[in-house]
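Each value in this text was obtained by applying a stated rule to the coordinates, not by laboratory testing. What you see is a predicted model, and the numbers here were worked out from it, not measured in a lab. No Cβ is skipped: glycine too gets one built from the backbone with ideal geometry, and neighbour counts run over all protein chains shown.
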Amino acid sequence: MESRGVWTKNMVNKIKIALIIFLIVVIVVFGLFVTNKVMCSGIVLTSAINNDEMPNIWQNPNDSIPGVVCMGEKSEFTIYGGGNRQIVCAIASKNLTKYSINYMSGGILTEDGEIVDLNSEGINVLGSGWSGIAAPENNTIKIATLDIPSKIKETSLKIDIKIVSPEYLDGKEMSLAFKIVPGPSNFEKLFC
């Protein structure tokens, strides 16, 4: 006859199985929670990219024209508010080539066409500029990070950069145009 308070082998096995299931559920939930920020950041960055914005300048490295292509160079690039957003450029180079890309200034375009300071909308520029050697392959580099508040109205942003390289000995100045919109998108609301 079994006495109360004595754990039978069957009860211990059931508790072990319940603990294992509980740990698996906790690990899965924790993993989803941790990776959520990373995945949603990628969605925010790539959701506005269209095929014309960052053309494939490396279709054939032997035929590509050396140079720099940046997001926001050809047309206004959409960025969602609410977090750190990277501004990137792509470099095509036939040889090992030293490049320097410097953030010069940035501002918000008002309805009157004037440019006001980024801080007027709470936008901060973190880590600006890049200098290094570009190899004859795909070179995608971050030139600046914008810290954009989540509660921001739709606004247009202009960033000026200067590129110095053998192709641009005196430096090539480039203006990049961005449209900042409140985030998240409808897709992100489902998952982020």
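Stretching E76 away from E137 to a fully extended chain increases their span by 19.3 nm, per 0.36 nm per residue minus the current alpha-carbon distance. Working ranking of peptides 173-180, 156-163 by packing, defined as the average number of other Cβ atoms within 10 Å per residue, highest first, is 156-163, 173-180.
Converting phi to 3J(HN,Hα) with the Karplus coefficients 6.51, -1.76 and 1.60 and the offset θ = phi - 60°, region 107-112 yields x, 9, 7, 7, 5, 7 Hz in sequence order, with x at every glycine or proline. Scaling against 2.2 N^0.38 Å puts the C-alpha radius of gyration of region 78-192 at 1.20.
Could you sort out which of K94/K142; K142/K162; K98/K142; K74/K94 sit more than 18 Å apart by Cα distance in this structure? In this structure, K94/K142; K74/K94 exceed 18 Å between Cα atoms. The label point for S175 and the one for N119, both projected 7 Å from the Cα toward the Cβ, are 2.4 nm apart. Extension gain, S100 to S150, is 14.9 nm, computed as 0.36 nm per intervening residue step minus the present C-alpha separation.
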